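Here's the structure, in structure tokens; my notes come after.
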Amino acid sequence: MVALFVISLQMKDVFLFLFFLGVWLVAYGVTTEGLLLPHDRRLPWIFRRVFYRPYLQIFGQIPLNEIDAALIAAANCTYDPVAILMEEAQPCTNTYANWLVLILLVVFLLVANILLLNLLIAMFSYTFAKVQGNSDIYWKSQRYNLILEYHNRPALAPPFILISHLHLFIKRHIRKVQSSKGRHFLLKLSETQDARLLTWESVQKENYLVAQKRQKRDADTERLRRTSQKVDQVLKQLSEIKESERRLRTLETKMEYCTTALAWMVDVLAQSDIAKGRKAPPAQKKD
């Protein structure tokens, strides 16, 4: 049952893979068709070469005698669109940009056979790992749905199911008996058991929210966001430190200027007649 659930989830991955493959296949097919056979106007052949030929090339069926100029054999062909449309002659392959066709072929096979295929394998692995981690929960949920489905169905199998439908019609519409199946899955609890159940649900809810917050906190994007915030804080602190250093250098420059000016004033006063007969200024104490 769990395996079927895994397969159903992987089918979604397959559809997503086919979407990307279809986009890449059509892009390559249209480009090569326009480069190799620009004169062919026959829609069935255009669609065949745009969709069918690139699809076969994924599995290794590469017609080099149709796309490689060195291997294209000389044949009775024409570039006349009318003659090609009337199927009087086969269209000639354009070899003007043949090197570009070969490069596109290499890139197409590289992306389709390696990149997209590995992407599909990675998606399958992620889906399987996610289901495997919660396999018990999925199994219990599907088992409950299966039991509920069979509980709501009549007991007899076809063609005897008509008897069950007739009995159900008489019971509901003639005897007016209400259905009791809806009460079979109800559990009667006492007030103490109901309170314990509510407490258990609250605890499980809190545990789930804590786990979700932890998972979000440990996610790569959240780590990058926190790292960027820390880097911004460090840069802000560095800018503040640089600003403080600049202010200190400015203050030191002004202090040196004031010290020089005061020393000059002391020398001038010492040489003038104003300071004669007065005490000398106190000497600077050494540390």
**Message:** Could you give the length gained by full extension between D194 and R247, i.e. 0.36 nm per residue of separation minus their alpha carbon distance, to one decimal place?
**Reply:** 12.2 nm
**Fill in**
Measure of exposure for I121: accessible area at 1.4 Å probe, Å² rounded to 10, is 90
**Asked** What length, rounded to one decimal in nm, is gained on full extension from A69 through to L85, with 0.36 nm per residue of separation minus their alpha-carbon distance?
**Response** 3.4 nm
**Prompt:** Remind me, relative contact order of the range 65-194 in percent, using alpha carbon pairs under 8 angstrom and six or more residues apart?
**Reply:** 11
**Message:** Take V234 and N94, extend 7 Å from each Cα along the Cα→Cβ direction, and tell me the distance between the two endpoints in nm.
**Reply:** 5.6
**Request:** Give the cross-link partners of K254 among the aspartates and glutamates, using a straight C-alpha distance below 17 Å as the criterion and excluding same-chain residues fewer than 8 apart.
**Result:** E243, E245
**Request:** Give me the aspartates and glutamates in straight-line cross-link reach of K230: C-alpha distance below 14 Å, same-chain residues under 8 apart excluded.
**Result:** E222
**Message:** How large is the accessible surface of L235 in square angstrom, using a 1.4 angstrom probe and rounding to the nearest 10?
**Reply:** 100
**Message:** Using amide H atoms built in the peptide plane, which far-off residues or other-chain residues are under 5 Å from T78 H to H?
**Reply:** Q90, C92
**Request:** Could you rank V111, V268 by how accessible they are, 1.4 Å probe, largest area first?
**Result:** V268, V111
**Message:** What do you get for chymotrypsin sites (Phe, Trp or Tyr not before Pro) in the range 185-263 restricted to DSSP loop and a cutoff of at most 15 other Cβ within 10 Å of the site's Cβ?
**Reply:** F185
**Prompt:** Based on the Cα gyration tensor of the chain, what are the three equivalent ellipsoid semi-axes, each the root of five times an eigenvalue, rounded to whole Å and given largest first?
**Reply:** 77, 55, 15
**Message:** Just to make sure I understand: if all protein chains stay in place, what is the order of F108, F17, F160 by accessible area at 1.4 Å, largest first?
**Reply:** F160, F17, F108
**Free-standing Cys, the chain [no other Cys Cβ under 4.7 Å]** = C258
**Message:** Could you sort M86, M123, M11 by their accessible area in this structure, using a 1.4 Å probe and putting the largest first?
**Reply:** M86, M11, M123
**Whichever aspartates and glutamates have a C-alpha closer than 15 Å to that of K140, once near sequence neighbours (fewer than 8 apart) are set aside** = E149
**Asked** Taking a probe of 1.4 angstrom, what is the accessible area of D136 in Å², to the nearest 10?
**Response** 80
**Complete:** Per the rule of 0.36 nm per residue minus the C-alpha distance, extending S164 to T78 adds in nm 23.5 nm
**Prompt:** Once all Cα-Cα distances of the range 1-118 are split into 10 Å bins that start at 0, what whole-number percent is in each one?
**Reply:** 12, 37, 28, 13, 7, 3, 0
**Complete:** Once phi for every residue in the range 24-34 is put through the Karplus expression 6.51 cos²θ - 1.76 cosθ + 1.60 (θ = phi - 60°), the whole-Hz ³J(HN,Hα) values, with Gly and Pro written as x, are 5, 5, 5, 4, 5, x, 5, 5, 5, 5, x
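The values are calculated or read from the model by the stated rules, or taken from the named source; none is laboratory data. Because the structure is predicted, anything quoted here is derived from the model rather than measured. Virtual Cβ from ideal backbone geometry, glycine too; neighbours counted across all protein chains shown. Remember, those area values only see protein heavy atoms, side chains included, never the ligands or the DNA or RNA. Shrake-Rupley method; radii C 1.70, N 1.55, O 1.52, S 1.80 Å.
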